[in-house]
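Some notes on the structure that comes next.
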Amino acid sequence: MKSRAELLQNLAGDKLPDILIIGGGINAVGLYRDLAAQGVPALLVEKGDFCSGTSAAPSRLIHGGLRYLETGEFALVRESVEERNLLLHNASHYVRPLPVWVPVTSWWAGFLSAGARFLRLTRTPGPRGALVLKLGLTVYDWFGAKYRSMPKHRMIGGKEALRQMPGLLPAICSVGEFYDARLTNAERLTLELVADAEADCPAALAIPYLAVAGHDGKDVLLRDEIEGTVHRVAPQIVINAAGAWIDQVDAHLGIEERLVGGTKGSHLVLDHRDLARALGERMIYFPTSDHRICLAYPLDERLVLVGTTDLPTDDPEDMTCSEVEIDYLFRVMKEIMPAIRLNRSQIVFRYAGVRPLPKATSGIVAGAISRDHHIRPFARTEKRPYEVLTLVGGKWTTYRACAEQIADQVLERIGKSRRTDTRSLQIGGGAGWPLEPAKQRQQITEIARQSGLSLEHCTALADRYGAYAATVAAAIVAEGIGADRPLKTCADYSRGEIRHLIRAERTTRLADLVLRRTQIGLFGKVTPGLLNELADLMAQDLSWNEDRRSREITDTTRLLEQRHGVAALYKQADENRAGVARPVS
Ligand SMILES: Cc1cc2nc3c(=O)[nH]c(=O)nc-3n(C[C@H](O)[C@H](O)[C@H](O)COP(=O)(O)OP(=O)(O)OC[C@H]3O[C@@H](n4cnc5c(N)ncnc54)[C@H](O)[C@@H]3O)c2cc1C
């Protein structure tokens with residue numbers, strides 16, 4: 001990958017792509033990737049890092065959305081389960097099967113009300129019993145038949161469910177078990193799509209920390225968020241894929257129509273070995289007393305992800321999980337697993353994001369707003385000599401299909417036809433990464449043989465990067481003697497690996513490394529010592545002076561404390577300086 005500095009230099013040249021994509025979340029990057037596969041370069045600009053908006057805040061599920069069946073969004077569910085099945089194959093290093101349990105306390109509840117919701121006679125959610133669930137799961141299986149690779153659903157009796165998951169509410173009469181998928185590394189999947197795009201189409205440029213800041217009747221103005229300088233570009237077509245920020249971006253381009261009406265959702269990462277053990281490999285996807293659906297599933301042998309809330313907001317920057325939301329998530333967990341003890345000291349990380357939902361008519365319950373997407377075109381005008389296509393909505397799961405739809409509109413406008421079907425394109429380290437564990441072990445052994453790194457080290461790399469582990473291993477070796485040794489403050493990463501992530505992946509700020517190139521933040525592993533060590537490495541590679549180095553540490557510390565609630569962890573880490581060698585996956 002070219003560095004950010006090189007791309008900024010290219011920006012000053014006169015051979016820029018005619019297509020400008022605004023946003024660096026999964027939907028913008030998905031489109032960038034699709035166009036590149038057609039040989040059409042685009043300029044993509046993102047005001048922060050790639051995948052730093054809502055795309056970094058999901059429940060990390062690649063799923064059909066079982067509950068959208070209730071609101072009659074059949075087309076969305078069908079599209080989503082098909083996309084899920086494709087991603088299980090194309091990104092098998094980051095998209096993995098997830099058994100899901102839906103526990104219910106009644107057989108008959110919701111039979112009439114679910115029907116009424118389906119017929120749009122009411123929008124208000126209500127209770128769901130085993131019969132309604134069985135019906136929903138049968139339809140879900142049916143939709144998932146195309147490219148199926150996971151088992152169909154089954155119903156489990158209450159007694160058997162309690163035997164297998166002892167912490168569950170004793171009043172459970174039945175559990176519906178089905179398979180969806182979890183996205184183990186949303187941030188890296190986005191980055192790898194950028195890399196794939198640029199490998200296919202070297203004229204494409206994706207530049208982080210470059211924000212659309214306005215227009216002047218001819219050009220679009222782009223502000224470098226690091227240096228403060230302003231660049232001008234004159235695109236032919238603009239695609240606004242800025243998620244919850246689309247209205248703000250459209251306003252920068254002189255468009256006043258309001259399209260988005262977001263809802264905020266928050267998640268907690270709990271360090272809770274007992275809860276992780278009780279859940280096993282499964283996710284519980286459970287109805288709450290206020291008739292919403294929440295979820296909990298293990299990230300590793302002791303960390304559990306719990307979510308989520310759904311609160312209307314007009315502010316896309318409302319990315320902090322509040323104390324009230326923590327109380328809510330604890331309360332609903334208590335309803336379904338009453339014996340499990342939860343307290344705030346178990347939270348190692350929290351995150352929130354704003355769903356970019358279409359502006360809904362007032363009075364509608366947040367959970368009932370459509371999760372589907374559409375494209376709103378704005379014709380060119382005298383004061384805006386380019387067409388703007390604004391994407392409203394769009395889930396993680398359906399990003400490829402969404403990108404395909406927008407790319408087809410762009411291709412039509414520039415008089416080209418599609419040459420590559422992205423359904424069969426594998427992604428990043430998913431390319432050539434086998435599904436079978438025995439074949440994976442063979443590949444890891446080969447990486448160890450070729451690189452000379454230990455089998456244990458290569459296994460950790462493969463777990464993090466899939467087939468891309470071979471490239472990372474080679475980069476570590478090229479770094480020279482000692483580069484494979486662990487960092488002083490975090491046993492999971494070597495110096496050589498971090499250096500590769502800084503140099504090869506347009507890493508611009510310290511937070512990019514902590515939150516998106518690695519999962520050090522999400523897995524609650526940040527300590528002040530680790531931030532210092534990472535900042536030293538970045539300073540060497542990116543020629544930061546002392547002022548910039550210390551500013552990066554201060555900013556990242558503030559972000560982790562204020563947005564991700566890791567302050568308590570800092571104190572704890574200081575006390576236990578010896579550190580725990582828990583692996584980061
Ligand atoms: C709580 C929650 C749970 C969810 N769970 C799931 C799930 O499990 N599965 C699923 O499929 N979906 C899920 N979603 C939905 C999914 O995460 C989002 O719909 C999706 O990530 C939106 O991606 P995006 O690229 O459209 O937006 P974003 O990721 O927000 O990207 C938009 C980008 O535009 C950038 N931007 C803003 N202004 C400018 C500017 N002026 N110039 C340049 N760039 C700008 C922002 O910085 C941002 O990075 C969930 C969402 C939430 C909030």
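Considering (1) within 22 Å of residue 56 (Cβ to Cβ); (2) modelled with pLDDT under 95; (3) of a type outside the set (A, V, I, L, M, F, W, C), the lone condition that residue 288 does not fulfil carries the number (1). Taken together, the residues in the range 349-367 that are at pLDDT below 95 and farther than 12 Å from residue 261 by Cβ amount to 3.
Hey, can you tell me all the residues within the range 207-262 that are aliphatic (A, V, I, L, M), under 25 Å from the mean Cα position of the chain (by Cα) and more than 29 Å from residue 408 (Cβ to Cβ)?
Our first condition is that a residue be aliphatic (A, V, I, L, M); within the range 207-262, this holds for 207, 210-213, 220-222, 226, 230, 233-234, 237-239, 241-242, 244, 246, 249, 251, 253, 255, 259-260.
Narrowing further to those that are under 25 Å from the mean Cα position of the chain (by Cα): 207, 210-212, 226, 238-239, 241-242, 244, 246, 249, 259-260.
Listed by number, the list holds a single entry, 226.
Considering only residues that are surrounded by 14 or more Cβ atoms within 10 Å (Cβ to Cβ) and touching a helix residue (DSSP H, G or I) at 6+ places or on another chain (Cβ under 9 Å), which ones fall in the range 323-341? Within the range 323-341, 326, 330, 333, 337, 340 qualify.
When the range 302-335 is filtered for residues that are under 16 Å from residue 277 (Cβ atoms) and among the aliphatic types (A, V, I, L, M), the ones remaining, listed by number, are 303, 304, 305, 306, 333. Restricting the search to the range 18-56, which residues are more than 6 Å from the ligand (Cβ to nearest atom), surrounded by 24 or more Cβ atoms within 10 Å (Cβ to Cβ) and assigned to a loop (DSSP other than H, G, I, E, B)? Once the filter is applied, which keeps residues that are more than 6 Å from the ligand (Cβ to nearest atom), surrounded by 24 or more Cβ atoms within 10 Å (Cβ to Cβ) and assigned to a loop (DSSP other than H, G, I, E, B), the range 18-56 yields 42, 49, 50, 51.
When residues of the range 239-264 are filtered for being touching a residue at least 12 places away in the same chain (Cβ under 8 Å) and outside any loop (DSSP other than H, G, I, E, B), how many remain? Step through it out loud before you land on a result.
So in the range 239-264, the residues touching a residue at least 12 places away in the same chain (Cβ under 8 Å) come out as 239-250, 252-255, 257-264.
Still in the running and outside any loop (DSSP other than H, G, I, E, B): 239-240, 243-250, 252, 260, 263-264.
So the answer is 14.
When residues in the range 469-504 are screened for being outside any helix (DSSP H, G or I) and more than 24 Å from residue 524 (Cβ to Cβ), 6 of them pass.
Just give me the residues in the range 227-259 being loosely packed, with under 15 Cβ neighbours inside 10 Å and within 20 Å of residue 11 (Cα to Cα), in sequence order. Listed by number, the residues that qualify are 227, 228, 229, 230, 232, 234.
Considering the range 321-434, the qualifying strands (runs of 3 or more DSSP E), each wholly inside and each with 3 or more residues that are closer than 30 Å to residue 463 by Cα, run over 347-355.
Looking at the structure I just gave you, is residue 59 at pLDDT 95 or above, closer than 29 Å to residue 280 by Cα and surrounded by fewer than 23 Cβ atoms within 10 Å (Cβ to Cβ)? Judged against the criteria, residue 59 is a match. Output the qualifying pairs, or none if there are none: Cβ atoms under 6 angstrom, residues six or more apart or on different chains, first residue in the range 2-25 and at negative phi and of a type outside the set (Ser, Thr, Tyr), second residue away from the ligand (no atom under 16 Å from the Cβ) and assigned to a loop (DSSP other than H, G, I, E, B). Between residues of the range 2-25 that are at negative phi and of a type outside the set (Ser, Thr, Tyr) and residues that are away from the ligand (no atom under 16 Å from the Cβ) and assigned to a loop (DSSP other than H, G, I, E, B), the close pairs are 17/41; 18/236.
Please enumerate the residues belonging to the range 173-213 that are more than 16 Å from the ligand (Cβ to nearest atom), part of a loop (DSSP other than H, G, I, E, B) and either free of Cβ contacts under 8 Å to residues at least 40 places away in the same chain or out of contact with any Gly (no Cβ under 7 Å at 6 or more places or on another chain) (or both). First the steps, then the outcome.
Step one: list which residues in the range 173-213 are more than 16 Å from the ligand (Cβ to nearest atom), which gives 173-177, 195-196, 198-204.
So of that shortlist, the ones also part of a loop (DSSP other than H, G, I, E, B) come out as 173, 201-204.
Correct list: 202, 203, 204.
Taking the numbered list (1) at pLDDT below 95; (2) among the small types (Gly, Ala, Ser); (3) in a loop (DSSP other than H, G, I, E, B) in turn, residue 521 passes all entries but (1).
The values are calculated or read from the model by the stated rules, or taken from the named source; none is laboratory data. What you see is a predicted model, and the numbers here were worked out from it, not measured in a lab. As a convention, Cβ positions derive from the backbone with ideal geometry for all residues, glycine included, and neighbour counts pool all protein chains shown.
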